[in-house]
Each structure stands twice: as structure tokens, then as C-alpha cells.
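None of the figures in this text is laboratory data; all of them are computed from the coordinates on show. Since this is a predicted model, take the numbers as computed values, not measurements. Every residue, glycine as well, gets a Cβ built from its backbone with ideal geometry; the counts of neighbours run over all protein chains shown.
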Amino acid sequence: MKAVGARLPRYDGIEHVTGRTTYVDDVRVPGTLWTKALRSPLHSATFSGLDTSKAEAMPGVRAVISAADVPLLEYGHLSALGIPADEPLLAKDEVRYKGQPIALVAAEDEETAMAAVEAIGVDFEEREPLLDIRRAWDEDAPKIHQWGNWYPHFEGEMDCRQIRKGSIDEAFEQADTIVQGVYRPAAIEHVPLETQVALVVPEANGRLTIYSCTQALYFSMGVVAAHLQLPLNKLKVVGGTVGGGFGGKVDTATETMCSLLAQKSGRPVKWRWTREEEFLCSSTRAPWHMEVADAVTSDGWILGRKMLTLHDSGAYARFSPYGLTKHSFHHTGAYTIPNLHFDGYVVFTNRVPTTAMRGFGVTSVSFATETHLSRIADVLGLDPYEVRLKNANRIGDTSPNRIVYTDPSTVPVVKALADGMDVTLAPEYAAMGPGQREGDLLPEHLVSQLADPEAH
Amino acid sequence: MNLTVNGVSRAVQSAPLTSLLDVLREELGVTSPKAGCEQGGCGACTVLVGGEPQRACLTPVGAIDGAEVTTVEGLGPPEELSPVQQAFTHHYAAQCGFCTAGMLLAAEAYIERGGTDDREAIQEALSGHVCRCTGYVKIIDAVAAAARGDSFDLTTTAPGAGMTNLGGVS
């Protein structure tokens with residue numbers, strides 16, 4: 001254990017304090033073109049008459065691309081995991097969110113690129129957008145996605161992620177009280193100080209050098225290779241220096257389109273989003289809608305949980321099915337509830353596609369669970385710390401997806417919180433540790449779970 | 001036009017309304033000031049103009065013709081770090097590093113005008129700077145240490161020391 005407790009140098013520490021760290025936007029290649037995008041001004045619309053001829057004829061414009069230029073238009077970030085593709089690299093015939101890219105221009109300077117984007121002709125026919133996930137099931141709700149208004153491709157072609165554990169009916173029959181709550185955390189923009197940026201330099205032999213701010217270099221490599229239908233040995237991806245990501249640089253936002261422009265123009269091409277684009281067009285953390293009903297005893301044991309989650313995926317699926325799956329596995333938070341009935345849907349809306357952000361899929365349900373446990377304590381007139389300690393994950397308990405906990409930290413964390421808030425716990429709670437349940441803390445409803453996790 | 005950038009006189013060809021940020025980055029190749037928001041909100045482009053912190057993205061170069069401009073490249077090379085650079089290194093005050101240049105220059109100016117290790121005063125001096133990695137505690141620790149004149153043994157945190165020199169921990 002030479003490293004634990006030692007002061008280790010950051011490999012990039014001196015570079016950071018001397019201004020020598022080379023971020024993507026700091027790479028200097030002579031002759032680099034600027035890029036600007038024509039983006040959808042509407043949440044939802046069909047379009048026709050896309051005409052880039054005036055833009056292409058402008059002095060200083062070196063390449064213009066639209067959907068017709070992309071060898072494989074639709075490719076999903078999780079295609080390799082069997083999740084089908086639904087999102088075109090550039091919009092074709094319709095737009096599904098405000099800010100969706102339709103065409104891109106590479107030009108000698110920023111002003112020329114902006115003027116060329118203005119010169120692109122397109123006729124929109126606006127459609128009614130769907131912006132509230134709670135409306136997705138309404139008969140008169142706009143149908144906004146080729147798969148329907150929610151994702152239908154979970155294993156076995158199920159249209160939701162389900163968890164069933166124990167007997168939810170028994171739990172609700174035995175309950176003294178049912179405590180319900182609805183929790184709706186909003187979307188959050190990642191706001192990295194470095195906006196989305198890529199620089200692609202074409203080589204004479206057809207190879208492309210891609211400087212990327214990605215957090216997920218091999219994702220980007222695979223996504224670019226698929227859209228461009230190139231073997232991986234034609235791509236040299238340079239990454240690892242990220243000016244803040246927080247999950248927002250997992251999606252491949254700029255590299256693919258820069259690569260197409262570099263191929264078409266034969267010139268190095270850089271695309272750096274403005275702060276406005278970053279706020280309006282980049283992915284966000286998803287907004288969620290969570291309905292929780294817990295079957296509880298009057299002394300604070302949670303016997304069962306029924307939960308419905310709607311995850312706002314925005315206009316396309318991207319990583320949301322994965323995020324919702326993580327959410328379902330963690331939907332009891334840091335607590336053990338033996339009887340579960342969980343349904344979770346990935347719902348499409350005409351918002352920017354949502355994506356990973358610190359604790360992807362889990363922070364939403366942690367927020368819901370913690371708020372709900374305090375609500376339970378309030379309804380029952382019990383101490384909120386003691387309700388938490390009672391139901392805390394203990395060694396030998398199982399998670400919603402039946403993972404046996406070997407080192408759960410709920411008890412020490414809750415005790416530290418009580419300590420930090422100058423709360424004095426009753427002696428039986430103060431004496432608790434994370435070890436296997438026994439005695440009063442092994443109530444009847446948890447006996448069978450502890451004996452045989454597989455029984456559930 | 002002409003600017004003295006980190007002690008070196010540089011001729012400037014850009015139009016007078018070009019931002020100082022674009023002049024530094026695109027014309028002169030000085031890349032430590034960052035284009036974080038380009039509207040004065042984040043502080044990542046901050047440089048010293050005549051010793052005072054200034055938003056390079058909001059400064060038309062024509063308005064400061066002839067001025068002395070200092071960027072982080074002018075503070076100290078890796079082998080001769082300034083006290084503020086040393087403090088940032090020692091206290092791990094840079095995470096992704098994108099805000100660091102602006103933070104360093106604001107801190108440099110704060111200490112130059114006699115700033116102390118008072119944490120509230122440091123917060124005020126750095127209040128125009130966003131660290132989205134939210135490393136503010138370590139940044140304030142570092143500025144306070146530099147303001148106090150703490151000395152640092154960076155041999156345990158210098159590149160190359162690596163796993164073979166763990167500061168006496170074995």
C-alpha cells in the first residue's frame with residue numbers, strides 16, 4: 001500500500017499551472033477550417049427543399065454536408081450491445097428537437113461559415129411537439145418516434161424495464177400504512193467550461209487524425225468508423241485531455257461530422273460549439289418522473305415498494321435504456337426492501353436527447369428514496385435516522401437485482417450523518433454496525449431473504 | 001498595433017475590434033487563456049492587462065494598444081514556478097485545468113495588491129471565476145497558502161518523482 005495516504009504527483013499538474021496542457025482547441029494545425037451548423041429552430045417539424053448550393057458557391061466555403069453525405073446515417077451509441085439505432089447523424093426529412101443539426105459548413109473563417117449557414121435554404125412544416133413525458137400515453141399525444149412514444153426494445157422486446165421480487169401483494173396486505181410520493185427532478189446541463197470540440201486532420205493516405213474532447217475515446221472511434229464505414233485502422237484518435245465532461249462528453253457530438261467535412265474538403269476541420277449551443281443543443285441529464293408507494297409497518301419497517309419511473313430520453317434513445325436499467329437496480333437506494341414491483345419506461349419527447357451525468361440513472365432515485373424515507377418517518381412520527389438505520393442495507397441483504405451485499409456502507413454513513421448533525425441516537429441504533437442482520441433487526445419479513453437470496 | 005505579451009513586444013495585425021482573446025489564441029498562438037463562454041461569464045480567459053485581471057473575451061484589442069499583457073505562460077516555466085503556481089500544484093488546486101489559468105492570474109493580482117489568507121477576501125477576489133469541477137476549497141487553500149508565503153517541497157509532487165518517491169511512505 002505505497003500509494004494510499006501518500007502525496008502523489010498529478011501527471012498533468014505542472015502542465016495545468018503553466019498553461020501548457022494542450023486541449024483540443026489549443027492544437028494548432030495550419031489551414032484549419034471553421035465549422036458552423038444549420039440547426040433546427042423548431043422542436044418538431046418535417047422539412048423539404050434543403051438547398052445548400054448558394055452556401056457551397058460562397059467564396060471561402062470549402063465543404064457543406066447534409067444527411068445525403070453520410071455513408072451510414074443511423075448508428076446507435078449502444079449498437080454494439082444490441083440496442084438498435086434510431087438517430088440520424090444529420091436530420092433527414094424531419095427534425096425532432098430544437099437544435100438538431102441538419103447541415104454543416106466548413107469555411108476559411110468563422111464569419112464565412114456563419115454567413116454560409118444563413119444561405120442554406122430549407123422549408124419547415126411545424127408539428128405539435130411532445131414535451132411532457134406524462135402525456136406520452138394520451139390518445140391525442142403527438143406520435144414522435146418510429147418506435148412509438150416509448151422505447152420498446154428491452155430484452156424479450158419488452159417495452160419497460162421490470163423488477164419483480166418477493167410478493168408485493170402480501171406486503172401491501174400486511175402493511176399498517178401506505179406512504180406515497182411523486183418525485184420529479186429536472187434536467188441538468190453539464191456545463192463543462194470547455195464546450196464540445198473536435199479537430200480532424202486528413203492525411204494524404206486517407207487516414208484521419210481526430211483530436212477529441214471525448215470522455216469515451218473508444219466509443220467515439222467506433223461511432224466515427226461506423227458512420228463513415230471506415231476500418232478502425234483509418235482512424236487515429238487523440239484524446240484524454242478533457243476540459244470538464246461530467247458525462248456530457250460520452251456522446252460523440254462533433255467528431256463524426258468534422259471527419260466528413262475533413263474528407264470532403266481535404267483540409268483540417270475544427271468544430272467548437274459556442275456556449276449558447278452547449279446550453280441549447282447539447283445533451284443534458286434526464287428529467288425523471290417517479291411515483292413511489294411503500295408498504296410500511298407502524299414501527300418503520302418497509303415491507304414492499306411499488307414504483308413507476310418515466311425517464312425522459314429526449315428525441316432519441318442514445319444511452320437512456322442503459323441509464324434506466326441502472327436506475328432499476330438501485331431503486332431502493334441504500335435500503336433493503338424485500339418485496340418489489342418496479343416498472344420503468346424510457347419515454348421519447350421533442351427535447352434534446354438526454355445522456356449520462358455523474359451517477360447516471362441513480363442520483364434521481366437516490367433523491368426520491370431519501371426524500372421518501374424522510375416522508376415515511378414524518379407520516380409515522382418516527383426518527384428519520386432510525387427509519388434509515390432499520391432498513392439499511394446489511395451484509396447478506398440483496399439488492400433489487402439480487403446482488404448479495406458484502407460490504408454495504410449505509411449504517412456507517414447514516415451514523416456519521418447523525419453525528420455531524422449533533423443527533424443523539426438511541427443506544428440500540430448507536431450500537432449498530434453494517435454486519436449481518438440478527439435479533440430484533442432480522443424481522444420476520446427479511447428472514448427468508450437472508451436464508452436464501454435465490455428464493456426471491 | 002502592438003502588445004507586450006509576457007515581456008515580449010508583439011505586433012498585432014488583427015482588426016481593432018477583435019477580442020484580445022482571439023488575438024492571443026488565434027494570431028499570437030498564446031493558448032492558456034480559454035474560450036469558455038466568450039461573454040464574460042466564466043473567467044477562463046482572464047489575463048493581466050497592466051497587472052490588472054481583465055476578461056480577454058470582452059476586451060477589444062484596439063482599446064489596449066501598447067499595453068503589457070501577462071498570461072500564465074509568463075508567470076513561470078515548470079522549473080521556476082511562481083509561489084501561486086507552486087501552491088496550486090502542492091494543494092492539487094487544478095482538476096480538469098480549464099479554469100486554472102484564469103484562477104492563477106486572479107490570485108496573482110490579489111496577492112500582488114497585498115491580499116491576505118482571509119478566505120472571504122479570497123472568495124471575493126475569485127468570485128468572477130467558475131470551476132465547474134467545483135474544486136473551490138482546494139483553490140482557496142492554495143491562494144491562502146501563497147498569500148501567507150508558505151514554502152512547498154514539490155519534490156514529492158513533481159513529475160518524475162512518481163511511484164519511486166512517495167514522501168517517506170513505504
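Observations, loosely collected:
- Peptide B:102-110 has a mean of 1 when you count, residue by residue, the C-beta atoms of other protein chains within 10 Å of its C-beta.
- The magnitude of the dipole of the protein assembly as shown, with charges of +1 and -1 set on the Cβ of Lys/Arg and Asp/Glu and taken from the Cα centre, is near 1260 debye.
- Seen from all directions on average, segment B:78-156 presents a Cα convex hull projection of 4.9 nm².
- Percent RCO, i.e. relative contact order, over segment A:210-307, from Cα pairs under 8 Å lying at least 6 residues apart: 23 percent
- A convex hull fitted around the alpha carbon atoms of chain B yields 119 Å³ per residue.
- Annotation: aspartates and glutamates with alpha-carbon distance below 14 angstrom to residue A:306 (same-chain offsets under eight excluded): A:169, A:170, A:173, A:291, A:294, A:343.
- Cα pair distances of segment A:1-104 binned at 5 Å [whole percent]: 2, 9, 13, 13, 12, 12, 9, 10, 7, 6, 4, 2, 1, 0
- Measuring between their Cα centroids, segment A:308-354 and segment B:38-76 lie 46 Å from each other.
- P(r) tail fraction, segment A:312-455 - alpha-carbon pairs more than 27 Å apart, %: 30 percent
- log₁₀ of I(q)/I(0) at q = 0.26 Å⁻¹ - segment A:53-99, Debye sum with one point per alpha carbon: -0.99
- DSSP assigns beta bridges within segment B:2-74; of those with both partners inside it, close to 85 percent run antiparallel.
- Cα-based reach from residue A:143 at 18 Å (exclusive), listing aspartates and glutamates while leaving out same-chain residues under 8 positions away: A:86, A:87, A:93, A:94, A:125, A:126, A:128, A:132, A:159, A:312
- Each listed q (0.08, 0.12 Å⁻¹) maps to a log10 I(q)/I(0) for the protein assembly as shown from the Debye sum over equal C-alpha point scatterers, namely -0.72, -1.28.
- Angle in degrees between helix A:320-329 and the longest Cα principal axis of chain A, rounded to the nearest 10: 10 degrees
- Dimensionless Rg over Rh [segment A:134-187; C-alpha; Kirkwood]: 1.09
- Dividing the mean sequence gap of close Cα pairs (under 8 Å, 6+ apart) by how many residues segment B:2-74 holds gives a relative contact order of 41 percent.
- Partners for residue B:34 among lysines (Cα-Cα distance below 24 Å; same-chain residues under 8 apart left out): A:36, A:249, A:270, B:138
- Normalised Debye scattering of segment B:2-74 at q = 0.13, 0.18, 0.26 Å⁻¹ gives log10 I(q)/I(0) of -0.29, -0.57, -1.30, counting only Cα atoms as equal scatterers and leaving out solvent.
- Cα-based Rg of segment A:129-236 normalised by 2.2 N^0.38 Å, two decimals: 1.77
- Dividing the mean sequence gap of close Cα pairs (under 8 Å, 6+ apart) by how many residues chain A holds gives a relative contact order of 17 percent.
- Folded to 0 to 90 degrees: helix A:217-228 orientation relative to chain A principal axis, Cα: 50 degrees
- Principal-axis analysis of the Cα atoms of chain B puts helix B:100-112 at an angle of about 90° to the longest axis.
- On the principal axes of its alpha carbon atoms, segment A:272-320 extends 57, 20, 13 Å, with the longest extent given first.
- Neighbour counting of Cβ atoms within 10 Å sorts the residues A:291, A:278, A:255, fewest neighbours leading, into A:291, A:278, A:255.
- Overall Cα dimensions of segment A:206-347, principal axis frame, Å, largest first: 72, 33, 26
- Vicinal HN-Hα couplings computed from phi for segment A:144-154 (Karplus, 6.51 cos²θ - 1.76 cosθ + 1.60; Hz; Gly/Pro x): 10, 9, 4, 9, x, 7, 9, 5, x, 10, 5
- Residue B:132 long-range amide H proximity, modeled H, under 5 Å: A:193
- Most to least packed among A:259-266, A:421-428, A:12-19, A:379-386 [average Cβ atoms within 10 Å]: A:12-19, A:259-266, A:379-386, A:421-428
- Amide H contacts of residue B:5: B:10, B:69, each under 5 Å away and 5 or more positions distant or on a separate chain (H built 1.01 Å from N in the peptide plane; Pro and chain starts excluded).
- In order along segment A:262-267, phi translates into HN-Hα couplings of 5, 4, 6, 8, x, 10 Hz, rounded to whole numbers, per the Karplus curve 6.51 cos²θ - 1.76 cosθ + 1.60 with θ = phi - 60° and x for Gly and Pro.
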